[in-house]
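Q: Here it is: the structure, laid out below.
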Amino acid sequence: MKLTNNERLVVAMLASIQRKLGIGEHDDEVDPDFVTSALYHGQEWALIERYAGLFQTEPTPPLIAAIRLHMQMWSALEESYEALPRAERAEVLEQVGASACPPRFPGYDGREEQRFLVATRYLIQYLKEYPNFADRSDFNSGRRMLPQYEAMSEIYREEVGQAAPGHMLSANQIVRLLKAQP
C-alpha cells in the first residue's frame, strides 16, 4: 500500500482523534498508536499485515518476503543448533569457529540496510512474528549482512526445500549455512 501525502495526513489526524477519544485496540478497533507509528516510520505495509480484513489482498512487498526468509532461516539455525547433541555442537564449533557459535541472528546494518532493520523490528515488535527474537533489543549488526544472507538463503532453500515448518537442520547443514559466502 502506498498512501499519498494527503492520505497520510488524514490517517494521522484520524488516529490522533481516535487516541484523544480513548478508542483503541482494547475495543477491537484499529490501534491508533500502531497506525501512527507505521506512518511515521514509513512502514505502511504493516497496516495491511495487521489489519488484513480491511484491505484488498496485496502481494507481500519483496523487502518483507526477504526478511521473512532470513528470519525463518535464522530461527531454524538457532533452534537446530541448540537441539544438537553436545558432540555435534562441538563439531560445528570446530568447523565454523567460535565467532559463529552459537549461531545468533546478527540483524542488519543500521546505515546501509536501514529499511531491512526497521521492517524487522516492526515484524517482531508490532506484528509479534518470530517471538523467539522478541527479547533482543538490537538488530543492528554494525556491518552489511545482505550479501551473506542472500548466499545463505540460496543454500537454505536448497537444503530445506518444501520441508514442514519446524524442520530441524543437521550439523552439516548448519555448517554449510554458516560458511556461506557471497
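The values are calculated or read from the model by the stated rules, or taken from the named source; none is laboratory data. Predicted model, so just to flag it, every value in this text is computed and none were measured. We place every Cβ from the backbone using ideal geometry, glycine too, and count neighbours over all the protein chains shown. Protein only, heavy atoms only, side chains kept; ligands, DNA and RNA dropped before computing areas. Shrake-Rupley method; radii C 1.70, N 1.55, O 1.52, S 1.80 Å.
Q: Can you grab the distance from the C-alpha centre of region 52-79 to the C-alpha centre of region 84-145, Å, no decimals?
A: 16
Q: If amide H atoms are built 1.01 Å from N in the plane of the peptide, which residues on other chains or at least 5 residues away come under 5 Å of the amide H of Arg143?
A: Asp109, Gly110
Q: Express in nm, to one decimal, how much length is gained between Leu54 and Lys2 on full extension, taking 0.36 nm for each residue of separation and deducting their alpha carbon distance.
A: Working: separation 52, 0.36 × 52 = 18.72 nm, distance 1.49 nm.
Separation in residues times 0.36 nm, less the Cα-Cα distance, equals 17.2 nm.
Q: Where does the chain land at 222 nm, in deg cm²/dmol rounded to the nearest 500, when only DSSP H runs of n ≥ 4 count, each adding -39500 (n - 2.57), divided by all residues?
A: Helix contribution divided over all residues of the chain: -16000 deg cm²/dmol.
Q: Turning to a different aspect of this structure: Amide H of Thr60 versus every other amide H placed in the peptide plane: which residues, excluding those fewer than 5 positions away on the same chain, fall under 5 Å?
A: Correct list: empty.
Q: Scan [x] 97, 42, 33; [y] 45, 43, 34; [z] 60, 32, 29 for the value of Cα extents along the principal axes in Å calculated from this model and give just the label.
A: So the calculated entry is the one marked [z].
Q: Kindly report the accessible area of the chain per residue (heavy atoms of protein chains, probe 1.4 Å, no ligands, DNA or RNA), in Å².
A: Working: 10690 Å² over 182 residues.
Here the per-residue accessible area is 59 Å².
Q: On the protein heavy atoms, probe 1.4 angstrom, tell me the percent of accessible surface of the chain carried by carbon and sulfur. The partial results should precede the final answer.
A: Details: 5500 of 10690 Å².
Its accessible area is 51 percent carbon and sulfur atoms.
Q: Given charges of +1 on the Cβ of Lys and Arg and -1 on the Cβ of Asp and Glu, with all other atoms neutral, how large is the dipole of the chain about its Cα centre, in debye to the nearest 20?
A: Here the chain has a charge dipole of around 440 debye.
Q: Can you list the HN-Hα couplings for region 7-13, worked out from phi with the Karplus curve (6.51, -1.76, 1.60; θ = phi - 60°), rounded to whole Hz and with x for Gly and Pro?
A: 5, 4, 4, 4, 5, 4, 5
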